[in-house]
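First the structure, in the form of structure tokens, and then the observations on it.
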Amino acid sequence: MAEGFLRARAGDRFEVASAGTEATRVHPFAIRAMAEVGIDLSGHVSKTLDRFLGQPWDYVITVCDSANERCPVFPASTTRVHWSFDDPSRAAGTEEERFLVFRRVRDEIASRLSAWLAGRP
């Protein structure tokens, strides 16, 4: 979801890539939640970090605690940013309760990203 927002809001200012500590899938609830705000994730695919490790990055942003703990070291010139959001894919409950967690986290990401972008040229 963070990748979708960053591409939509600042794709002209940043080269954006998203990866996790393991490749799974783009969760259908993430696709659905982002579609509600006009961002299409249906063409996105899950990727692992290893494909990006040798590339220079100005920023590496982790969005959940487990990713932050397991994220490898990037070159010294990379600025690490960590935003501690709940991992919505771990939500429990009914389908609707789990989807509500995706919506909440989506909105939290949108808010944090807007504030972060406001401080970037």
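The values are calculated or read from the model by the stated rules, or taken from the named source; none is laboratory data. Remember, it's a predicted structure, so these values are computed and weren't measured experimentally. Quick reminder, even Gly has a Cβ in these numbers, built from the backbone with ideal geometry, and neighbours come from all protein chains shown. Accessible surface areas use protein heavy atoms only, side chains included; no ligands, DNA or RNA. Shrake-Rupley method; radii C 1.70, N 1.55, O 1.52, S 1.80 Å.
Among the trypsin sites (Lys or Arg not before Pro) found in region 4-94, those both in a DSSP coil and sparsely packed, with 11 or fewer other Cβ atoms within 10 Å of their Cβ, are Arg13, Arg25. Rg and Dmax of the chain, both derived from C-alpha coordinates alone, stand at 14.2, 44 Å.
If I compute solvent accessible area with a 1.4 Å probe over the protein chains, what percent of it on the chain is carbon and sulfur?
Its accessible area is 49 percent carbon and sulfur atoms.
Do you know the relative contact order of the chain, to the nearest whole percent, from alpha carbon pairs under 8 angstrom that are 6+ apart? Normalised by residue count, the contact order of the chain is 26 percent. About its Cα centre, the chain has a charge dipole of approximately 220 debye under the convention of +1 per Lys or Arg Cβ and -1 per Asp or Glu Cβ, with nothing else charged. Each part gets one Cα centre, and for region 94-121 versus region 21-63 those centres are 14 Å apart. As an equivalent ellipsoid, region 51-121 spans semi-axes of 27, 16, 8 angstrom, where each value is the square root of five times an eigenvalue of the C-alpha gyration tensor, largest first. In the context of the full set of protein chains, the chain has a per residue accessible area of 60 Å² (1.4 Å probe). Each of Phe85, Val26, His44 was placed along the dipole of the chain (beta-carbon charges, centred on the mean Cα), and the one lying farthest toward the positive end is His44. For region 18-58, how big is the tail of P(r) above 17 Å, as a whole percent of Cα pairs? Of all Cα-Cα pairs in region 18-58, 42 percent lie more than 17 Å apart. In loop segments of region 1-97 as defined by DSSP, the GluC sites (Glu not before Pro) with at most 16 further C-beta atoms inside 10 Å of their C-beta are Glu15, Glu22, Glu36.
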